[in-house]
Structure formats: structure tokens, C-alpha cells
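Here the structure comes first, spelled out in C-alpha cells, and everything after it is commentary.
The values are calculated or read from the model by the stated rules, or taken from the named source; none is laboratory data. Given the structure is predicted, the values throughout are model-derived calculations rather than measurements. No Cβ is skipped: glycine too gets one built from the backbone with ideal geometry, and neighbour counts run over all protein chains shown. Only protein heavy atoms, including side chains, enter the accessible area calculation; ligands, DNA and RNA are left aside. Shrake-Rupley method; radii C 1.70, N 1.55, O 1.52, S 1.80 Å.
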Amino acid sequence: MNFENMDVVSIRDFTRDQIEEILDRSRAMLPYAKGEKVSRALEGKILGNLFFEPSTRTRLSFESAANRLGARVIDVSQTSTTSIVKGETLADTIRMVEAYSDVIVLRHPHEGAARLAAHFSEKPVINAGDGAGSHPTQTLLDLFTIQEEMGGIEGNNVTILGDLKYGRTAHSLAEALTVFGAKLTFVAPETLQMPKDTVDQVKKLGGDPAITSDIEGVIADTDVLYITRIQKERFPDPAEYQKVAGTYRVDKEMLREAKKDMIVMHPLPRIDEIAPEVDSTAHAKYFQQAFNGIPVRMALLTSVLGVDF
Ligand code: NCD
């Protein structure tokens, strides 16, 4: 399959076969991601990392993935140090960075920003999160983690818990999991439930998600528990945030009801929604999940740059 020059804006841009191919390539990248094998496959390439919103894992794992394959990275992590403060538009910024690099990774506070950037750039643009919109590369690493940990995706009961309204990782993931035949349950305080657009898309893809606010009622049947943080920064009114802050928390007590081999995932950062005591249980896979960002982003970068591996 040829992914050369492809933009990665939404998980909807991929067919199931294409996703499977990227996940297979990610598996082949594991020894390189761990530093056990060395490759200079991306030597001479430059990655432009544009992060106009905070990030630890996504930015660093793109950078690490590029470095491990011999590429160089130029980056901007604060708009205050760029001409954006002088009023430069995103379109102009993208045209510039396109001239300075071979692939652009963009995180932006506005939904739709990555699509706009892709429109203005001839070089591939990878969406690293656009506001409350979507986060397709996170979804790829989430799918990879489920495959690695559960031996497959189809047939698993996946419970997505937390801020499903503003949590972009939950939106892309729900759609992709449906394509792969997982059974979904959305658990959230009523005001933070999954947006209609995502629910409609899941149904269009043949899914039939259960929707509830009661985690206790579904934990025993869950194979994969995917928890998200309440996205405080996206609430228009701080008082609304206060009403839902701290309304769910997964701890050892709750996990007593869970299947022995249920896995707990989280895109991180966590605030208080997973008690630290969970980290040492066999359920906890969120740090492994964060590591998986490296092989998956290696696979993506080589794919869109058309480099054989
Ligand atoms: C997430 C994000 O930025 O959407 N983090 C990540 O990329 N791993 C989740 C979050 O911020 O809660």
C-alpha cells in the first residue's frame, strides 16, 4: 500500500486495511523504537513540529521517532516566539514551514486547523490534535496497544470513560474501534457524554454503543477500560467544570469487580481519575501505551514520506 504524501487529518481518512497495514509496520518498528536495532531510513529528512497547545508525549514521541530513524526536527512550541503574535495567519505559517521541512506535525487549539493546514501544504500534514476535534495518531497507538495486549480488537468490550464531549482521543477511537468490531460503552457524566456526531458515525459504521453514567454497572463486563481526563481548558465556564471535577475515579477497590485480564488505558496526562495505586497492578497499561507512540509514529513518518523500510 502506498501512503506517500498522505495527510493524516482524521482517522476517517483511513480504510480498515490501511490501518492494519500501519499497525503491522508499527510492529516491525518495535526493535528500532526500543533502540535494539538502528536505522537511518529517514536520514536527510526534516520534520516540522508545530505545537500550539501543550504536549509532552505526542511532541516528544514524534521527535524521538524521527531522531531514531536519522531525521532532524525543527520545532515551535510557543506561538509567542513566532510571527503568529505579529498576526501571521496559520495558512502563511504553514506555507513557510512547508518550505523548511518534509513533513509537518501540527497541534492546534481549533477544530479543523489540521484540515486547513493540509489544504495549504503540498507536503504531508499530520494532525497531532485539533482542539476538541480528533487525534488520529493517538488512535493508531491506542489500537496498536489493544492488539498487542489483547491479541486483537474484534469482540472486545471497550468502555470509554470520562470527558467524552471535549476529549478528542475518545472521538477518533470510538469510530476506529467500531470499524474493527469492538463493542462500545460510553460512560460519562451526562453533560460530558459523547457528541452526537460521533455517536451517529459509530451507528453508521454498524456499532450500537451503550450509553450510561454508571461505571460500577459495566466494569465487570469490560475487557478494555479507556479512561480520559476532564478537559478543563475547553470549558467555556469554569463553574461548569467545577460541577463535574472529580466525579469519577478508578481505584483498586473498583478494580475488584473487573475481569483479571481487563486492561486499563489512558492517553495521559492523568489528573485524579486513576489512583496511583492502580499503577502497580497488572491492569495498568497506560505507560506501555505511551511508549507505543514511538513505533506507531515511526511507521507513520516512514509511510507518508514514502521511505521503504
Ligand atoms: C491527549 C490530548 O492531547 O488530547 N494527550 C495525548 O496526546 N496523549 C489527552 C489529554 O490531553 O487529555
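Quick one: pull the percentage of alpha-carbon pairs in the stretch 155-302 with a separation above 26 Å. Don't jump to the answer; show the numbers that get you there.
Values: 2568 of 10878 pairs.
The answer is 24 percent, as a whole percent.
When the label point is put 7 Å from the Cα of E233 along its Cα-to-beta-carbon vector, which residues of the stretch 48-69 have a backbone N closer than 13 Å? From the stretch 48-69, the list is 51-59. Helix screen, the chain: DSSP H segments with Cα axial length of 20 Å or more and mean Kyte-Doolittle hydropathy at least -0.5 are 136-150.
What you get for the chain, charging only the Cβ of Lys and Arg (+1) and of Asp and Glu (-1), is a dipole of about 560 debye around the Cα centre.
So for S26, S280, what's the accessible-area order with a 1.4 Å probe, most first? Walk me through the numbers on the way to the answer.
Working: S26 0, S280 100 Å².
If we order S26, S280 from most to least accessible, we get S280, S26.
Between amide H atoms placed 1.01 Å from N, distances below 5 Å from I274 occur with V250, all of them 5 or more places distant or on a separate chain. Coordinate range of the alpha-carbon atoms in the chain per principal axis, descending: 53, 45, 38 Å. When R168, R270 are compared by accessible area of protein heavy atoms, the largest-first order is R270, R168, using a 1.4 Å probe. Restricting the calculation to alpha carbons of the stretch 100-177 gives Rg and Dmax of 14.3, 45 angstrom.
Eigen-decomposition of the gyration tensor built on the alpha-carbon atoms of the stretch 113-237 gives equivalent ellipsoid semi-axes of 24, 19, 13 angstrom, largest listed first. Taking all protein chains into account, the per residue accessible area for the chain stands at 44 Å² (1.4 Å probe).
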